[in-house]
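> Following this message is one structure expressed as structure tokens.
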């Protein structure tokens, strides 16, 4: 690799830090606001006395742990179910394609272009009839279906990178489809499968539309927890920020710990 | 014990027919080589035997049992791929033990079989390495080891040496032939390299455009090619092929007129070569020798010197070029005019359809 000149390297570093700061700024601002008192929160000043008062009030007013547990169960459940459905689907599309595989994939992706609100009423009615309103199972099903197209697409592109010869060698060695997927395909595409799972997890965690409309208390995740702090009396920015911080904290820590895996997966196959 | 029988095998992808009706028998413990130019269907045929490609029409029997509908996992065959297709996430040991693990073999049995295979292939020192840490030749050996541990009914090889350099290829040819002797197994080997076919095969199957052109022992194909395609494909340098005219029957065979006025009597059955008919004369390069009374004359257009052999390219009357393979470092020079004598025993005659006229006597080694 050609060594870059010093000014060029400094320039790239400054640009990188600047981009990172811009992306990180909303989170930082949210964190700072959450440490202010309610009157200070509307004032964009950086000089204030930090206080944990908002956190105390937020945690006292609502059962944070119950919301967080719902978020974890629903996100993990939705991700596991989506992977369980998408792995066989992507395997067949990647290794036994038919004339219609390409159009099926495009059709799956096109469903993402439909505004969710367009199917809200039918899904609400179906859920009411089946007794799935305000249940974790109900949200798991909705999240699975919501993310399935993108999960199938991502797995499909990762699976496409695997040489057919290796799977055929497995077949000659006596592997049936299940063993072929479990012993060869999944270990070979592990970074890709992991990053797909992480993405699905984050999408589930962030989802607000369905969780607000289909749950009230028993199955309400952290998105509903945050929303409960925007009240008709006005916005309480410090409390809202504190609620948002505790809501995004788990997934933020999780994402930070797995960022290596995530980056590896998303660039998987880009360089041979 | 493993015999293979192919009956009327055909393979089509949509309207394109790749294999156009193949009938073939491969005996127990035979080393059969499928050879042909690229695109002739030899790899497809091998993959149909392996079960990796569906058979469109026809029947495939192993040990007398029809196995068209049996999946590759249950055919009891092992295959060595051109790309080696090693499992990149597994060590050499696990690569070789994978099939045994799937078959439910005990840990002790797996270890014993892997140890035996790695001893045969001299892989003992590499068992804990990953494929990416091996050289091409070592990877090749692991791929073969993976096949050996299974004790398959038939070994299938799909151009296994084409990714190796020339020296290693020569060495692996000898090793594979030795392996065939030691294992006493039926092997089917696909290659486009006629040298590999000639040196390793008990039986060569020459394929062209999805059809079998000829099946026979290497020397049978060399000395008694059935048609122009086989004559041109088997043998290096290629057989010289000259369009000539049959001038009449002869007690010893068929008399043909050579370009430039000479004549040669080809010792073949002449019932299909009426006087005046246009036929193709085939002369092996080693059957042409410089000689003052030679029947063929021409100008040397190019000389290739291999040290022990000299290949003289000679342009004869009519513009055709023939190659003479002369022992030793012969004193021929580009630009000089020489005469070439023809050994009639190493000549062949093909009729207008390209079919060989049968020789009057068989070569003693071509069974």
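The values are calculated or read from the model by the stated rules, or taken from the named source; none is laboratory data. Keep in mind that what you see is a predicted model, and the values were worked out from it rather than measured. Glycine also receives a Cβ, built like all others from the backbone with ideal geometry; neighbour counts cover every protein chain displayed.
> Which one of these does residue B:117 not meet: (1) within 14 Å of another protein chain (Cβ to nearest Cβ); (2) in contact (Cβ under 8 Å) with a residue 40 or more places away in the chain?
Among (1) within 14 Å of another protein chain (Cβ to nearest Cβ); (2) in contact (Cβ under 8 Å) with a residue 40 or more places away in the chain, the lone unmet condition for residue B:117 is (2).
> List pairs: first residue in the range A:46-69 and outside any helix (DSSP H, G or I), second residue surrounded by fewer than 15 Cβ atoms within 10 Å (Cβ to Cβ) anywhere in the structure, Cβ distance under 7 angstrom, at least six positions apart or on different chains.
Qualifying pairs under 7 Å: A:51/A:37.
> Do we find a residue being touching a helix residue (DSSP H, G or I) at 6+ places or on another chain (Cβ under 6 Å) and surrounded by fewer than 16 Cβ atoms within 10 Å (Cβ to Cβ) anywhere in the range B:291-304? Working first, answer last.
Quick first cut of the range B:291-304, residues touching a helix residue (DSSP H, G or I) at 6+ places or on another chain (Cβ under 6 Å) only: none.
No, the range B:291-304 contains no residue that is touching a helix residue (DSSP H, G or I) at 6+ places or on another chain (Cβ under 6 Å) and surrounded by fewer than 16 Cβ atoms within 10 Å (Cβ to Cβ).
> Another question, if that's okay. Can you name every one of the helices (runs of 4 or more DSSP H) wholly within the range A:157-248 that holds 2 or more residues which are surrounded by 22 or more Cβ atoms within 10 Å (Cβ to Cβ) and within 14 Å of another protein chain (Cβ to nearest Cβ)? Can you show your working first?
On the way: elements: A:164-172, A:190-206, A:209-214, A:222-227.
The helices (runs of 4 or more DSSP H) meeting that bar are A:164-172, A:190-206.
> Follow-up. Does residue B:245 satisfy the criteria of being surrounded by fewer than 19 Cβ atoms within 10 Å (Cβ to Cβ) and not in a strand (DSSP E or B)? Lay out the reasoning, then the answer.
Working: surrounded by fewer than 19 Cβ atoms within 10 Å (Cβ to Cβ): yes; not in a strand (DSSP E or B): no.
For residue B:245, the condition - surrounded by fewer than 19 Cβ atoms within 10 Å (Cβ to Cβ) and not in a strand (DSSP E or B) - is not met.
> Being in contact (Cβ under 8 Å) with a residue 40 or more places away in the chain, more than 24 Å from residue B:360 (Cα to Cα), in contact with a helix residue (DSSP H, G or I) (Cβ under 8 Å, 6 or more places away or on another chain) and not assigned by TED's automatic domain parsing to the domain that holds residue B:227 is true for just one of B:323, B:264. Which residue is that?
Values: B:264 fails: more than 24 Å from residue B:360 (Cα to Cα).
Going through B:323, B:264 in turn, just one is in contact (Cβ under 8 Å) with a residue 40 or more places away in the chain, more than 24 Å from residue B:360 (Cα to Cα), in contact with a helix residue (DSSP H, G or I) (Cβ under 8 Å, 6 or more places away or on another chain) and not assigned by TED's automatic domain parsing to the domain that holds residue B:227: B:323.
> Residues that are out of contact with any helix residue (DSSP H, G or I) (no Cβ under 7 Å at 6 or more places or on another chain) and part of a loop (DSSP other than H, G, I, E, B): does the range A:18-32 have at least one?
To start, the set of residues in the range A:18-32 that are out of contact with any helix residue (DSSP H, G or I) (no Cβ under 7 Å at 6 or more places or on another chain) comprises A:18-29, A:32.
Among the residues that remain, those that are also part of a loop (DSSP other than H, G, I, E, B) are: none.
No, the conditions are met nowhere in the range A:18-32.
> Moving on. Counting residues that are touching a helix residue (DSSP H, G or I) at 6+ places or on another chain (Cβ under 7 Å), free of Cβ contacts under 8 Å to residues at least 24 places away in the same chain and assigned by TED's automatic domain parsing to the domain that holds residue B:100, which strands (runs of 3 or more DSSP E) fully inside the range B:121-220 reach at least 1? Before the answer, list the steps.
On the way: elements: B:154-158, B:186-191, B:203-208, B:211-216.
Output list reads B:211-216.
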